[in-house]
Amino acid sequence: MLTARPGRQVRLTMVLGVTQTLAWASSYYLPAILATPIANDLGIARHWVFAAFSLSLLITAACGPWVGQRIDRFGGRTMLGLSSLVLAAGLGLLALAQGPVGLALSWVIIGVGMAMGLYDAAFATLTRAFGRDARRAITGVTLMAGFASTLGWPLTAWLNSAFGWREACLPGSSGPGLSCRAEGGFPAAGRAQQRFFGTGDAVTVL
């Protein structure tokens, strides 16, 4: 059985809780607010925006097994960090979209980023790091990220009203970048921390 110092597990829970909140708010929950202004600006029907979003969910599901294998083999730090960059790239492309093709391509990239960095990847990483002790951390991350819509929807609506939907995507593209810095900057101390970050095969936190 894996063991972990409570303080270290709490810190990992806080890091992943914050980054998951940012990732969900800037990806999965985005169309609820921006679908109508995106459709109006691009001159397409609103359902095509949701079709592009649905495509991203299919991409997320298709990439899931590959992401799980990479986390199991190499650890979670690299995957979660890269997910932040992929999400940022997708959101940046979405802000620049001029038609249905750009819209669909941006959501394909966002879908890959969601597969790499949302709950499935985060929970797999915690389980790999802490074993059965990960249950409390997973619960904590879920509770924190549950506020993604509560925080993200009002902020996105305000940004859209004040600046426009393209500009509303830009803070979302910087949010995952901050997530990357938080995940990448977490101190790799202890053997199970090495397991979390994919730098070793040890299973016990000292």
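Could you give the length gained on full extension between Trp48 and Thr36, defined as 0.36 nm per residue of separation minus the Cα-Cα distance, in nm?
On the way: separation 12, 0.36 × 12 = 4.32 nm, distance 1.04 nm.
Between Trp48 and Thr36, full extension yields 3.3 nm more.
Can you tell me the length gained on complete extension of the stretch Leu105 to Met14, counting 0.36 nm per residue apart and subtracting the Cα distance? Please list the in-between numbers first.
On the way: separation 91, 0.36 × 91 = 32.76 nm, distance 3.24 nm.
The span from Leu105 to Met14 would gain 29.5 nm if fully extended.
If you count, for each residue, the other Cβ atoms within 10 Å and average over each peptide, how do 121-128, 33-40 line up from highest to lowest? Intermediate values should be presented prior to the final figure.
Details: 121-128: 22.1, 33-40: 18.5.
Ranked from most to least packed, the peptides come out as 121-128, 33-40.
Just so you know, all these numbers are worked out from the coordinates, no wet-lab data involved. The structure presented is a predicted model; accordingly, all values stated were derived computationally and were not measured. Note that we place each Cβ from the backbone using ideal geometry, even for glycine, and neighbour counts take in every protein chain shown.
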